Amino acid sequence: MKQNRMILILSLLLAAMVTWFLMWRTGMEARERMQEHLAGQVLRFHILANSDSEEDQALKITVRDRILDYLKEEMPETKNAQETARWIRRHVDELEEVGCRTVEEQGYDYPVNAAVTTCWFPDRTYGDMTFPSGNYEALRVELGDADGHNWWCVLYPSLCFQDASNAVVPEEGKQQLKNVLTEEEYAHMTTEADFQIKWYFWERWKG
């Protein structure tokens, strides 16, 4: 009798583990499909500082601001991420010039390299949205040795904000993104962000 009960318990545990694994695997596959679809709809901006020194990090922010100002003034309204990437590729020399001029004005002589390329990004929460980890096309700007912490945003649709203390994603950009994603995909991005924000404050409160 005792042996039969033990066999039943083990069978139930095994069934629960198999069910959990299948659910986890299905969730991971759905997440991967969402990321691949999302990656085709956005163009990110990725700028890497020369180092993690206070001076190099401040320089990174200054270069970031100048490049975003240039794009805001010069880049015409685009219809999708691919069109945005094509325009930036045609003007990458001008973007490098903006970066180099800014670096020189700040009293440094670091080289500046800019290119539209595919980069791997970890999970990133941006305002009230979470972008899942994976490969994304991005305007990548490297300052000097590019060994310092990076800064990123989304150029298309326009989700960039420059005030880190007031991380509010522009509503127009959110609506553009919502138009190219399914309801489930969009809800997943905002739900994950809400979870991560709550977890962050829980950890801070515990500490």
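Where a number appears in this text, it was derived from the coordinates with a stated rule and is not lab data. Owing to the predicted nature of the structure, the values given are computational and were not obtained by experimental measurement.
See the values below:
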| read-out | value |
| --- | --- |
| Nonlocal amide H pairs with Val154, under 5 Å, H built at 1.01 Å | Phe45, Leu159, Cys160 |
| Backbone HN-Hα couplings from phi across the stretch 88-93 [Karplus 6.51/-1.76/1.60, Hz, Gly and Pro as x] | 5, 4, 5, 10, 5, 5 |
| In order through the stretch 48-59: 3J(HN,Hα) via Karplus (6.51 cos²θ - 1.76 cosθ + 1.60), integer Hz, x for Gly, Pro | 10, 6, 4, 7, 9, 5, 4, 5, 5, 5, 5, 4 |
| Note, ³J(HN,Hα) from phi for the stretch 63-77, Karplus 6.51, -1.76, 1.60, rounded to Hz, x at Gly and Pro | 5, 3, 4, 5, 5, 5, 5, 4, 5, 5, 7, 9, 7, x, 5 |
| Relative contact order %, the stretch 37-198, counting alpha carbon pairs below 8 Å whose residues are six or more apart | 33 |
| Built amide H within the under 5 Å cut-off of Gly148, gap 5+ | Ala49, Asn50, Ser51 |
